[in-house]
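Each remark here refers to the structure printed beneath this line.
Every number here is computed from the coordinates shown, using simple stated rules; none is lab data. Being a predicted model, the structure only gives us computed values, none of them experimental. With ideal geometry, Cβ positions are generated from the backbone for all residues, glycine too; neighbour counts draw on all protein chains shown.
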Amino acid sequence: MNKNDISARMRENTNLSHKEKLQIVYRLSMPAILAQISEIIMQYIDAAMVGILGASATASIGLVSSSTWLFGGLLSATAAGFSVQIAHAVGAGDTKRAKGIFKKSILTSVLFSCLIMCLGIVVSFYLPRWLHAEESLWQNATYYFLFFSLFIPFRMLSTLSMSSLQASGNMKVPSLYLTLMCFLDVIFNYFLIFPSRTISLWGYSFSIYGANLGVLGAQLGTSLSVVAAGGLAFLYAIRKSDILNIKDVKESWLADKQIIKEALRIGGPMALQHSGHSLAQVVSTRIVAPLGTIAIAANSFAVTAESLCYMPGFGISSAATTLVGQSLGAQNKSLAKSFAWLCTALGMLVMSIGGIIMYFFSPYVFAFLTPVKEVQVLGVEVLRIELYIEALFAASIVATGALRGAGDTFVPGLINLFSMWVVRLISAYFLSQILGLKGVWIAMALDNSFAGIMILIRLKSEKWLHLTIQS
């Protein structure tokens, strides 16, 4: 069953069997899950490369990670504001409107990302000091965030293209480009992080060039991979995609009032949620920073290690957004509800299994990520705290994606903001005084559990099924 058949059956209110629904969810989820897993593997290798430089290098990146998530979240929210509209148009069978929305989203998104870039450049010179980090980390952290900011417009085009392709029902192509991006990241890092060196292979010696840029090389490697793979995804979307290509679209590049209004309705709450969540992460980093370099490094590696468990959830969440959005675009509320719960249950199952596996293999994961024994031991201890609640964490991720497909972003955003700022930060502040980094991760587990339960309650209420979809 191809994506056009799916959309047609949605519009015709044709009943899909449970087996067919599972096949559809599997077909849309699996490429995204595999891409996320490949991305995680590359992140592990990336972290291990930086880890060779020592705990200080890892800590300098971990220090500004929450700030990069803040800016990245704003880009994702911008892309979602347009891509959800594209999913609704595709579900309604209006390919012309889908193309028009995509074309108009490009200029608006790029202009917004340029503003974010300028803000990031200014902030980069003050961020490490604001976070009360050790002065030895300031230079690396500043350069890392500065060069992240310089490439924000390219990240915006990449995010918009892949999000729009997914909304059109094409999960395979974005997944391929994400995989390519991760592969290029490792290649670029190999040459940019380390100095020139000689390696021996099968009895032969080879001289390998190295730029010896250290932490800055890690950021440049990532940014260049975004430019390369994200640029290819953008070209595919505007020229090759059956649904999104804009070759014959005569409309203006300027987004009209209705598209902007709907993008703000969908993306605005997401932007506020991401901003509030990431700002809370920044505050959380301030709580962790005084605990020392070992704690910062262990915290950073633990977040990277856990991603192997939760990134598949984001892959399923992307499928949920697409399926719910297209179902509601086709005015098929029953199918939207069914897909929402099916994707959520699948996400909870997959992430729970991943959590169990990670619990037992985490010592080997940390041994791969860093040679520093103190970081390994602390990282395993804090990670295992979070692994107990992976099912509820999955519920918050996947169910939020399903609600996003309905354009329901305001209430989930409030839930996540309250959970992060009230449940996590308050408990993290007090628990860190007693238990150190372990207290911070206990607070994280409480936050994700609370958010998961509340998002499931929102999904159960079915109020999201009755939101007005602008056409």
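When the pairs LYS104/LYS463; LYS172/LYS337; LYS373/LYS438; LYS104/LYS337 are compared against a 20 Å limit on Cα-Cα distance, LYS104/LYS463; LYS172/LYS337; LYS104/LYS337 fall above it.
In the chain, which longest range has no GluC sites (Glu not before Pro) that are both DSSP loop (not H, G, I, E or B) and surrounded by at most 15 other Cβ atoms within 10 Å?
13-250
Summary of the geometry: the stretch 213-275 and the stretch 305-322, compared by the centres of their Cα atoms, lie 20 Å apart.
Helix 437-461 and the longest principal axis of the Cα set of the chain meet at an angle near 0°.
With a cut-off of at most 14 other beta carbons within 10 Å, and DSSP calling the residue loop, which chymotrypsin sites (Phe, Trp or Tyr not before Pro) in the stretch 296-390 qualify? Please list them.
Working: sites: PHE301, TYR310, PHE314, PHE339, TRP341, TYR359, PHE360, PHE361, TYR364, PHE366, PHE368, TYR388; in loops: TYR388.
Filter output for the stretch 296-390: TYR388.
Of the trypsin sites (Lys or Arg not before Pro) in the stretch 240-308, the ones in a loop by DSSP (not H, G, I, E or B) with at most 14 other beta carbons within 10 Å are LYS240, LYS247, LYS250. Spatial offset of the stretch 386-451 relative to the stretch 87-140 amounts to 24 Å, using the alpha carbon center of each.
In the chain, the longest principal axis of the Cα atoms and the axis of helix 55-91 are about 0 degrees apart.
The H on the amide N of GLY210, modeled in the peptide plane, is under 5 Å from the matching H of SER196, ARG197, each at least 5 residues off or on a different chain.
Applying a DSSP loop filter and a limit of 11 other Cβ atoms within 10 Å to the chymotrypsin sites (Phe, Trp or Tyr not before Pro) in the stretch 117-202 leaves TYR126, TRP202.
So how tilted is helix 293-329 from the main axis of the chain? Cα-based, degrees 0 to 90, rounded to 10. Between helix and principal axis, roughly 10 degrees.
Each 10 Å bin from zero up to the one holding the largest Cα-Cα distance in the chain carries the following percent of pairs: 4, 20, 32, 26, 13, 4, 0.
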